[in-house]
Amino acid sequence: MINRQFERVSSGMLLNGMYLDSDLFYLVEGKPVLLCHGTVIDASVLERLRDISKQNVEIYIEEGSYQRLLRQHEYVARINHYIAKSYDLARQKMTDFLRDTAYQNRVNQEAMVRLVSLTQNTLDIMKPYFLLQLGTYMSDMDDLLQTHSVDVAILNGVIGRWLGLSEDKIEKLLTIGLLHDIGKLRIPERILNKPGRLTKEEFDVVKRHPVYSYDMLKNSGFQDEEVLQGVKYHHERISGGGYPEGLVLDHIPKMAKITAISDIYDAMISKRVYKESATPLKVLDSFYRDQFSDLDPRIVNLFLEQMIRELQGKVVILSTGEVGTISYIEKTRIEYPMVEIDGKVEQTDGNRYVVSVCGEIV
Ligand SMILES: [Fe+2]
Ligand SMILES: [Fe+2]
């Protein structure tokens, strides 16, 4: 029997980015079966809940947590709905585009132009804080290439705007983002999706993909050198340790450097290991610490500074299930900002930390 300390949770109540601070469970013959606990709601959690609700079972949570969920829902629903819809549409269209490209073994330029303009729409309404949450929109079932390509395009666009580039250049950056990994369609799936470490030989095969992308675009009639170079050199590193040519410093074209930043940052927010153990602010922090020597430090710095500026005053969800707003972030301590909770400014720490960034108070 369920006693009165529990509340029923309807499936529409839980949204990407919300946080469960106690057990979410359902009942089988009166016995509770745990669904999840202490987790950020992401696409995988939502998928599991959809499966469960198909069996007509009811889902419950502790009453106190339910109240906190209600409060979270109020913010997350209002802010994310609009952006998430546009982002989902772009990802859907990218799936169709990749399927057609694989089938025809060439890139249809008109379809690409339509996809760029769709991504541009998403970019126009995208709030940069939402970039920190992209990982929660990916499920284990998702095709990594489609999600990743759209993410990198949007990140490229946001960085391009922060750099004050013209709209023409932004369009090129979006195109590069969408197409940079298209050459992966030529890499055997058993290597691309191999769980665990690749052998040296397998990694050598993977390393061919930027050149495959470049060749495919050339063969499909792409002529814009900036786009072609951006695609070809997105794995070059300023230290010279990248591929395919081991270019150093400013020998790497600017658009390739920007794409490298978007590429690495997206890999970090999407990776399971990061999603499970890290918060969006922790990822931002490690990105800053780990990548400085390999990426253009000027752009990495700008990325971080703009992101910090963007985060000021934003509504966040804490590991206690509470909702607060960021009042101050120290660059050297991004993971633990000062947060205002119920009118009191408090220092967050390892026991009470930001798990999700859900936007502004409307
Ligand atoms: Fe790549
Ligand atoms: Fe990539």
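Laid out as a table, the results:
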| read-out | value |
| --- | --- |
| Whichever residue in the range 182-219 is of a type in the set (Ser, Thr, Tyr) and modelled with pLDDT of 95 or more and, among such residues, is farthest from Ile261 (Cα to Cα) | Tyr212 |
| Residue in the range 185-201 that is more than 13 Å from ligand 2 (Cβ to nearest atom), within 18 Å of the chain's Cα centre (by Cα) and not in a helix (DSSP H, G or I) present | no |
| Residue check, Val116 modelled with pLDDT of 95 or more and surrounded by 13 or more Cβ atoms within 10 Å (Cβ to Cβ) | yes |
| Residue tally, condition within 18 Å of Ile182 (Cα to Cα), away from ligand 2 (no atom under 16 Å from the Cβ) and out of contact with any helix residue (DSSP H, G or I) (no Cβ under 7 Å at 6 or more places or on another chain), over the range 113-157 | 2 |
| Pairs, first free of Cβ contacts under 8 Å to residues at least 60 places away in the same chain in the range 189-218, second within 16 Å of ligand 2 (Cβ to nearest atom) and among the small types (Gly, Ala, Ser), C-beta under 8 Å, six or more apart | Arg208/Gly183; His209/Gly183; Pro210/Gly183; Val211/Gly183; Tyr212/Gly183; Ser213/Gly183; Tyr214/Gly183; Asp215/Gly183 |
| Filtered residues of the range 174-184 (kept if assigned to a helix (DSSP H, G or I) and either among the β-branched types (Val, Ile, Thr) or within 15 Å of ligand 1 (Cβ to nearest atom) (or both)) | Thr175, Ile176, Gly177, Leu178, Leu179, Ile182, Gly183, Lys184 |
| Candidate set from the range 51-74 (those that are part of a helix (DSSP H, G or I) and among the aliphatic types (A, V, I, L, M)); member that is nearest to Asp21 (Cα to Cα) | Leu69 |
| Search result, residues across the range 238-280 that are more than 15 Å from ligand 2 (Cβ to nearest atom), hydrophobic (A, V, I, L, M, F, W, C) and either under 28 Å from Gln133 (Cα atoms) or at pLDDT 90 or above (or both) | Ile238, Leu247, Val248, Ile252, Val273, Ala278 |
| Which listed residue, of Ala77, Ala153, Ala111, Ala102, is crowded, with 20+ Cβ neighbours inside 10 Å, assigned to a helix (DSSP H, G or I) and either touching a residue at least 24 places away in the same chain (Cβ under 8 Å) or not charged (D, E, K, R) (or both) | Ala153 |
| Evaluation of Gln223 against (1) in contact (Cβ under 8 Å) with a residue 60 or more places away in the chain; (2) under 20 Å from Ser166 (Cβ atoms); (3) of a type outside the set (Lys, Arg) (one fails), failing number | (1) |
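The values are calculated or read from the model by the stated rules, or taken from the named source; none is laboratory data. If you're wondering where the values come from, they're calculated on a predicted model, not measured in any experiment. Note: ideal-geometry Cβ built from the backbone for every residue, glycine included; neighbour counts use all protein chains shown.
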